[in-house]
Structures are given as structure tokens and as C-alpha cells.
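The values are calculated or read from the model by the stated rules, or taken from the named source; none is laboratory data. What you see is a predicted model, and the numbers here were worked out from it, not measured in a lab. No Cβ is skipped: glycine too gets one built from the backbone with ideal geometry, and neighbour counts run over all protein chains shown.
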Amino acid sequence: MISYILKRILSLIPTLFVVSIVVFLVVYMIPGGPATALLGMEATPESIEALNTELGFNRPFFVQYADWFSNVLQGDWGQSYFLQTSVLDAIGEYFGPTLSLAILAQLISLIISVPLGILAAYRRGSIVDVTTVSASLLGIAVPGFLLSMFLMLFFGVYLKWFPVAGYVALQEGLAEHLRYLILPALSLGLVQAAYITRMSRSSMLDVLYMNYIRTARAKGLKEASVVLVYGLKNAAPTILTVIGQSFGGLVTGTIVTETLFNIPGLGMLTMTSITRRDVFVIQGVVLFVTLIYVLVNLVVDILYGFVDPRIQLGRK
Amino acid sequence: MKHGKLSRLLALVLSCMMLLSACGQPSNESTSSEAPSTSTEQSAETEKPAEDKKSEENKDASEATTYKTELNVAMTANPPTLDVHGVNSNIVGGIGTHIYEPLFAMNQNYEPAAVLADSYTVSEDGKVYTIKLRQGVKFHNGQEMVADDVVASMSRWLELSGKAKALLDGTVFEKVDDYTVTMTLPEAYADVMTVLAASIQFPAIYPKSVIDNASAEGITEYIGTGPYKLAEWKQDQYVHLTKFEEYTQPAGESSGFTGEKLAATPDIFFRVVTDDSTRVAGLQTGQYDIAEEMPQERYQELAGDSNLAFSVKTTGTLNLFFNTTNGIMANQDMRQAIMACLNCDDIMLASYGDPSLYILNPGWCNPDDAMWGSDAGSEYYNQNNIEKAKELLKKAGYNNEEIVLVTTPDYGEMYNATLVVQAELMEAGINAVVESYDFATFMEHRANPDQFSLYITSNRYNLSPVQLSVLTKDWAGLDRPEVDEGIVAIRTAASSEESSAKWDELQSFLYEYGAASVLGHYSGLMATSADVEGFNYFDFPLYWNVKVPA
């Protein structure tokens, strides 16, 4: 198992290298440097040129990349020109809100989706099943920004239950932290719930008609045990994979929701750093996101072994 | 039974949500980053240290009113810096004007008036200004402002501000004694005080030590003499300013950027809210007291909300700039043909959404400005004459060459205007192509005449026409002796009437030559809660006298 984990981690290195060189090249090739964004619309070409030279952006591509890469190997991911902080610090600061949001959204989605998926599969063809399938289809089809706007208008503007935007760090109180996160988390969680519900239902359907389920019933086990112990446990690997993908998406792909609800997370950092041509932040965020994706998949793979001992990682 | 369970579950979820919403109501001592406190209160009495007699008479009434101690302003973007010398940005200037002060600034009537200066005299040849400084003015770090700080700040501003460099090139500031400096100009200019009193990219006075420690990217300590000092800048979230208790009030009543600045609300949070809908929703719920740059297309809808108040101010022009040097665009008839196509009303309506938010006028300066407002060249403005355009195209020998309109969707008004202009050009048979880029890329294309035929930008008013971007070679490549001669004539004219007449001539030339065209004058739209008091939407929204009843 440990050698498997090590292998997976080592396989990250070429992936990250290729990603970094591609991103660096793309950012290098698109016109407009940080100086343009920093100095504003009426800045003179001379002042833009001077600042770009000062910041080292007029050097050849390979010189810039080699410089950055050697720094990364020494643990220095570079400096953000706009945030006036190191890239690692910036990622650390912006990752907190995103992680909180992702965890809350994932919890909401799981609370809704797994029971609904099981129930829909168990009551296949019933009104519960039809309603669940229709609702999850609707959830997948509705654009996230539309749902966000609806939640903001209904719970924020009309009912005034929750603030429409902003973020309060966890250190300043759990209730306040959650109060600011609940609407964006609902918005993300409902969309994810729709997807996980569908996948839970279909994987449970595959399992519930297997012979061992019939055998369990014939043994006289309680129906709850049959469904939850024998059914859910065997459907779990598929559901886990979907949850892993969902969590990876939540951690890395919440640009629209974070922008709408004004949450200073990784999504917002990605968008603003692209607009500002904050090269090292773009590089850092992309590498970090790649890392997160791979790690989430690794964790899911490891969890397989726990829910289904037949899956033994690293064994041939 | 199952139905009962479901109901209980639903009730539980709703209870949790309500509990959360109740628990999380802003507390009295909220220091949260994004949680605007609405219940932190203090009496009006404690906020008004200089009550006048009139206020005394209203004491009973004001005693009954309590005001918020936090003002929450929703702004549209994170400021790239808080160093006002080097960056031409409304957001930087708008926040910076609360932190820093210049020697001179514009009063409400747009007359330069002293702020950190006490008085000044001019030598007979008009080249040497001797400026006495106010004594006892403290920086936020507790140091007193003296001549060394002024010389260092003004010299840095002359170096970093493009317009200062262009208009005051060769100017030198020198210390005479701790409270006196001299400004020596290479020539006597009539508009010196106007340039010094610029509102955007203004000559803020920083401590000399701050300038000594500045890097290429700007200063790292944001210390001024203003009524507010920087408490915290949380990138992409907010800029928190807090009242500077040792602030020394300038003389006179509050007027524009000059006079009394009370810091009536002790804390201001400039919150970065990039999404238009979120700013509107936050204002409607009271989360923000003031929202900058409201979406103009929603003006009519929101104007009906009695809880909101709107401030509309004509703040600049939407302009079309031609490539005057390359290819077919170097032909004056070609440029005139394009100008003949323009229906400015349609263009402005598409850009600003509501007829009450723009005016049609050919002037490059504020039409209300007695000195610089001008109709010169009006025969070339808003012609909407396709037949004339076709004739001019024939005369220019136009042979279906591609006319490239460069734009950026990052600025909605510029993008929308470009699309309408494209449609109008196509109606005249011009092969107009729109190239749309993000802002930084657009700026690269705009700076290179090989990469555009024309482009549209919105530009704020300048205090003097000689500061207009259209007159600089860097902006759209316009390089004509008439422009340089016109600028000199305006700046060295013997009287204001003569200056004004010279500007009329230069504006006429810009239209006649087909260098550029104003499309219309746009208004900025600010919204506040209806109960906000003391708000002044001047060149920037000014918050130092704003109070909001709790």
C-alpha cells in the first residue's frame, strides 16, 4: 500500500512539470503584462515598458521559466505583484474560504443525495423515484449562477435571513462563518447533490438485484440491514468515486459562485490573477489545483480498500 | 407516519437555517472581515466635535439620533495599489483621497484651493512659486509634515505621473526652510495650479521616509495626512480606513476636496464587490450603505425603490479614436466617412442603457465648464448621414479594406459602443471587423497603430484640455504640429478668454482632421441607502462627512 502511495506521488512530478511549462508558455504568449494591468488605462508605453523591465518580464521565455523553476525547487513559488505577498502565502490564504465552502457544500450534497439515491433505487418506479430522477435532472440542467441568484434574492433580499455576499473567517465565530457560507454552499451543494443522487441511484439499482441481496433477505435479515449493509456497502466504490470527483470540482471550480457571493477563495484568486497577468500566482494556483485533484483521487483510491477489502491497491 | 417524519426533517432543516440566520446577526463588537456591523452605534454628539450654534439648537433632535460607526461601501474592483502617484485609477484615487492630501486641490466650484499649503506667491516672471506650508500637520505615523516631505513627494509625483511629466517637465521643487518650498518652472504656465490640483493620480504628500523606502512597484507603507488612516487592506476583500484622531482640519467649510473633513463615521470599509447584481442586492438588504458604479441598465427599475437614493454626475466622455497614420486610415476622407456614419444617440443608449444617464455634446471637456466647454466642430458630430459617408468613401478610394475595431468586453460600455459602431459602418458598406480582447491585450493593441483602425474608450474629464489623452502621441498615434502648437498656445495665453478661444480652435482641428470624435458624455451612477447623510459625489465619492443613522 505504502509503495503504491509513493508511486502515485512520484508520478505527480512529470505531470506538474508539464502543466507548469504549458501554463507558463500560455501566459508568456498572451499579450499584456502585469505592468499594463497595474498602471491603468492611461499609462504611457514608456512607463509600462519600464515596469515590465523592472519586474523581469522582458527577458526571454526560457530565462524566465528556468529562473522560476529553480526557485520552485527551493520552495519559493514567487511573489505576487498585486497582493504583495508570496504565492504560497496567497494560496494558503485564499484556499481557506474555498475549503470551508467545499466541505459545507459537500456535506449538504451528501445529506440530500445519498438517502435520496438509496430511496429512489429501493422504490424504483414509484412516485418518490420519478420525483427524485426529475429533480436531479433539473438540478443538473439549471446553471449554477442562476441558482445562486435565486438563493441570493429569496433568502438574502426577500427574507433577509442571510447576507447576500461576503465571507467571515472561522476564527471569528462558527455561526457567523456558516451564516455567510450557507447560500453559496447551498448553491453548489444542490447542483452536486443532483449529480450524486443520480449516480447513487444507479449504482444501488445495480446492486439491489444481485443474488446476495436475495440471499440476505432469504436469511431473514431486516430490510434496513439488507439495503444499508449489503446494498450500500457494495455500491460504495462507485459512489465514492463520484464524491471524490465532486469534491475535487468543488475545491477547484467555484469561480462563478465565489465571484457572485464575493468569497475570497481560490476561484476568485484564479480569475483575478489571470486578469492581472499575475504570472506566478497563475502558475502557483494551477500547480496547486493539479496537486489537489491528484491527491483527492488518491484518497478515494485508498478508501476503496476500506469499503471493499477485495480491492487491494498495489497488488498484482 | 413517513409523511410525519419528512415534515419533522423539513422543520429541522428550516429551524437550523433560521437559527443560523439569527445567531449570525451582526454583533456590537464585530471585527469581521465581511460582516458589516449595523448595530454598532454611537451618539451623534460624540461624532461631531465642532458643533456650531445651529447644531446646538437642534441638539434635542440630534441627541435622539444614533449613527453607525461603520460605513460599508461596495466598490467594483480591488485597487491595484494605494500609491496614488503612479497609477491612473479611479479606485486608487477614490480611496487615496481619504488617506492622503495634496498641497492644493479643487473646491466644489473647481477652483484650486490650499489644503496642505498655507499660502503661495508667484515671482514676477511667473516661473517661481514660493509655497508656505501649514504648520503642525501630522502624518498618520505621528511625524510632522515639513518641507523635506513635500519636496520628496512632489519630485516623485513629477517623475511618475505621465500628465505631470508632460505638463510640468523640468519643474523643480526645493526646500527653503522647514515650512517653505519653492517650485521653479521652465516656463510660465497659466494652468500650473490646475495641474497641481489634479484629482486623479494626485500629488499626495507622503513622509520622506516612505518615499526613500519605495521600490519599483511603489510605496509599501500607506501613510498620509488625511482624515482617515489605513487600518487594514485585505486583498480582494476590503480596504478598512479608520478615523485619524490627530487630524488637523484645514480652514474653511467643506467644499469639494478642500475644507473641513469630519471623519463623521469612524470606520469605512471599502468592500470589493465585483458583481453588479451582488452590489445591488447588498444595498437593498442594508449590507452596504453605499454602492459605487451601479448597473445603468437597472437605473429605472431601482429608482422606484424608496429605500435607495441615487446620485448622477456627468463624469466623462465616451470617445472614438482613429488610427491616423497607417493604411487607408491615414486618409482623412476615410476617417471623415466613418464620422459621417455615426449615430451617437444609438451608440450612447447601447452603452449606458438610459437616456437620463448621458448627454450628446461634441465637447471634449465638461459642457458646464465655462472656460473649456465647447461646441467647436459640431458640424462633424453625430451626423448619422450614410449617403455622405458613401460619397466620402468613394472619394477616399476605399476598396473594401478591413477596418479593425479593437475593443474589450471588460468595459461593457466600450464593448457595446463598438458593436453599434460596427453595425453603422457596415450599413455604409464598410468592411468593419470587431476584435475583442481582455483588457491587458486590448491595451497592447491600442498602443500599436499596426493593430487597429479605431477604438473606443471612456475617459474621465480632465481639469484642463491639455491633459486630454487624445492630444498625446502615445494614445492613438496622433502626431501633428497643430496639436503641439495648440497646447502651447493654450498654456501661454495672456488671458483665460484667449486660452478658451485657442482650445476651441484645437477642438475644431481634432474633428476636421478626423483624429477622434466624442460620442457623448456619460454619467456615473452611485446609489446610497435613502437615510445616508452628508454624501458628496464630487470627482470621487467623498465619504468624510457621511453619517448613516443606525
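Values as computed for the structure displayed
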item	result
Of residues in region A:222-240 being without any contact (Cβ under 8 Å) to a residue 12 or more places away in the chain and either part of a loop (DSSP other than H, G, I, E, B) or hydroxyl-bearing (S, T, Y) (or both), the one surrounded by the fewest Cβ atoms within 10 Å (Cβ to Cβ)	A:K222
Selection from region A:53-65 of residues that are among the aliphatic types (A, V, I, L, M) and surrounded by 12 or more Cβ atoms within 10 Å (Cβ to Cβ)	A:L55
Among (1) modelled with pLDDT under 95; (2) more than 14 Å from chain A (Cβ to nearest Cβ), the one test that B:G286 misses	(2)
Tally, over region A:41-68, of residues that are more than 10 Å from every other protein chain (Cβ to nearest Cβ) and either under 26 Å from the mean Cα position of the chain (by Cα) or aliphatic (A, V, I, L, M) (or both)	2
Any strands (runs of 3 or more DSSP E) falling wholly within region B:64-157 and containing at least 2 residues that are within 14 Å of chain A (Cβ to nearest Cβ) and touching a helix residue (DSSP H, G or I) at 6+ places or on another chain (Cβ under 8 Å)	B:70-75
Among (1) outside any strand (DSSP E or B); (2) surrounded by 17 or more Cβ atoms within 10 Å (Cβ to Cβ) - the single one B:M526 does not satisfy	(1)
Positions within region A:249-265 being within 24 Å of B:V280 (Cα to Cα), more than 9 Å from chain B (Cβ to nearest Cβ) and in a helix (DSSP H, G or I), in sequence order	A:I255, A:V256, A:T257, A:E258
Residues (farther than 18 Å from B:A330 by Cβ, hydrophobic (A, V, I, L, M, F, W, C) and in contact (Cβ under 8 Å) with a residue 12 or more places away in the chain) located in region B:397-442	B:M414, B:A417, B:L419, B:V420, B:V421, B:A428, B:V433, B:V434, B:F439, B:F442
Of residues in region A:69-103 being over 25 Å from B:Q237 (Cα atoms) and outside any loop (DSSP other than H, G, I, E, B), the one farthest from the other protein chains (Cβ to nearest Cβ)	A:L73
In region B:450-468, residue farthest from B:L168 (Cα to Cα) [restricted to those that are within 12 Å of chain A (Cβ to nearest Cβ) and in a helix (DSSP H, G or I)]	B:Q451
Helices (runs of 4 or more DSSP H) lying entirely in region A:134-221 (those with 1 or more residues that are of a type in the set (D, E, K, R) and within 13 Å of another protein chain (Cβ to nearest Cβ))	A:174-208
